[in-house]
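Data first, discussion second: the structure below is written as structure tokens.
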Amino acid sequence: MSIEQLESIAQAMVAPGKGIIAIDESNNTIKKRFDTVGVPNTEENRRAYREMLLTTPGLNQHISGAILYDETIRQSTKAGVPFTKLMLDAGILPGIKVDKGPFPLAGFPGELVTEGLDGLRERLNEYAKLGAKFAKWRAVITISGDAPSGTCIEANCHALARYAALCQEAGIVPMVEPEVLMDGSHDIDECYEVTEATLRSLFASLYEQNVFLEGTILKASMVLAGKDCDEQSDIDDVADATIRCLKASVPASLPGIVFLSGGQSDELATAHLNAMNQQGPHPWPLSFSYRAMQQAALKLWGKDMAANFAAAQSTVAQRARENGLAALGQWKKGG
């Protein structure tokens, strides 16, 4: 795939009023979600749940792509249509999670580094043949005591850059996700410092590894206080801090930034995104890549998969619409 094609895919991922739906939970993670609504964690139930999400009427109006799990990218609808074909026919780009998750960083107790580079070239080539247009790799940065160390940030950003270079070699747009976790009692200022240091390290690594930024998407966490911090900032302060941090560390040549919800409630994640876009224009489109969009739909679907199928899809469509409006700065609470 040419450089121009990577660039056009990246731009399509952050088209005005559109964002990414994340349905890439591993089988272990989806089990936890299913357990909360009493749904057995079988392959068929996982397939049926993802079909419910992907066949939501009008989903493509506000969703440009969906991040899939290895099992999901190989699955089909009940009628036998491969999910990737269903998505591409609807103008929704198939994405694929390719990292193997975070593991303890040797020599640095309590810190994590994401693994999965071994064999990645071959896996990416296979995913490209299966229809993947973009991929995702998540790094996890924890704020606690003296953490994160410079070594932890550097190790994760180096891995993100290696992954990104391999993606582009395979004709796949890399989504790089250095998540600064909300866990902890740190305040918004400390989150700002760590997020800025992480993003500066990330873009230095991407530059060193000859990654084509115009064909890359950043999946970012917002700058906000840890969930155990006594002082929680209001929506406008979070928007201000996040925009300042991004402008200080993210090159303008990047096609776009999508935010993760990272433990925020559905509505709060939407409100923060909306506030940021109301402060625009910015050097890059700011959109969403939320997993939080699905919580209400899962509860409905889990109660009665057949009877509540349409109602669950309606909830997905509504959440997609609200976040699509927030990506334009046009969302109104209760509207």
Top-ranked residue in region 239-266 [being over 17 Å from Glu177 (Cβ atoms) and among the aliphatic types (A, V, I, L, M); ranked as surrounded by the most Cβ atoms within 10 Å (Cβ to Cβ)]: Ala239
Single residue of Gly215, Gly184 found to be touching a helix residue (DSSP H, G or I) at 6+ places or on another chain (Cβ under 8 Å) and touching a residue at least 40 places away in the same chain (Cβ under 8 Å): Gly215
Hey, Leu166 aliphatic (A, V, I, L, M), under 27 Å from Gln264 (Cβ atoms), part of a helix (DSSP H, G or I) and under 20 Å from the mean Cα position of the chain (by Cα) or not: no
So Ala106, is it surrounded by fewer than 22 Cβ atoms within 10 Å (Cβ to Cβ) and within 22 Å of Ser314 (Cα to Cα): no
Residues (in a helix (DSSP H, G or I), in contact with a helix residue (DSSP H, G or I) (Cβ under 7 Å, 6 or more places away or on another chain) and closer than 22 Å to Cys167 by Cα) located in region 75-101: Phe83, Thr84, Met87
Criterion: of a type in the set (A, V, I, L, M, F, W, C), over 22 Å from Ala269 (Cβ atoms) and surrounded by fewer than 16 Cβ atoms within 10 Å (Cβ to Cβ) - qualifying residue of Ala48, Ala79, Ala10: Ala79
Count - residues of region 190-200 that are farther than 18 Å from Gly256 by Cα and touching a residue at least 12 places away in the same chain (Cβ under 8 Å): 5
Any hit, region 290-310, residues being without any contact (Cβ under 8 Å) to a residue 60 or more places away in the chain, more than 23 Å from Gly38 (Cβ to Cβ), part of a loop (DSSP other than H, G, I, E, B) and not β-branched (Val, Ile, Thr): no
Candidate set: region 290-314, residues that are of a type in the set (S, T, N, Q) and modelled with pLDDT under 95; chosen: the one surrounded by the fewest Cβ atoms within 10 Å (Cβ to Cβ): Gln295
Subset of region 316-335 [surrounded by 21 or more Cβ atoms within 10 Å (Cβ to Cβ) and in a helix (DSSP H, G or I)]: Val316, Arg319, Ala320, Glu322, Asn323, Gly324, Ala326
Selection within region 62-74 - part of a helix (DSSP H, G or I) and surrounded by 16 or more Cβ atoms within 10 Å (Cβ to Cβ): Asp70, Thr72, Ile73
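The values are calculated or read from the model by the stated rules, or taken from the named source; none is laboratory data. Because the structure is a prediction, the values reported are computed rather than measured. Cβ: placed from backbone, ideal geometry, glycine included. Neighbour counts: every protein chain shown.
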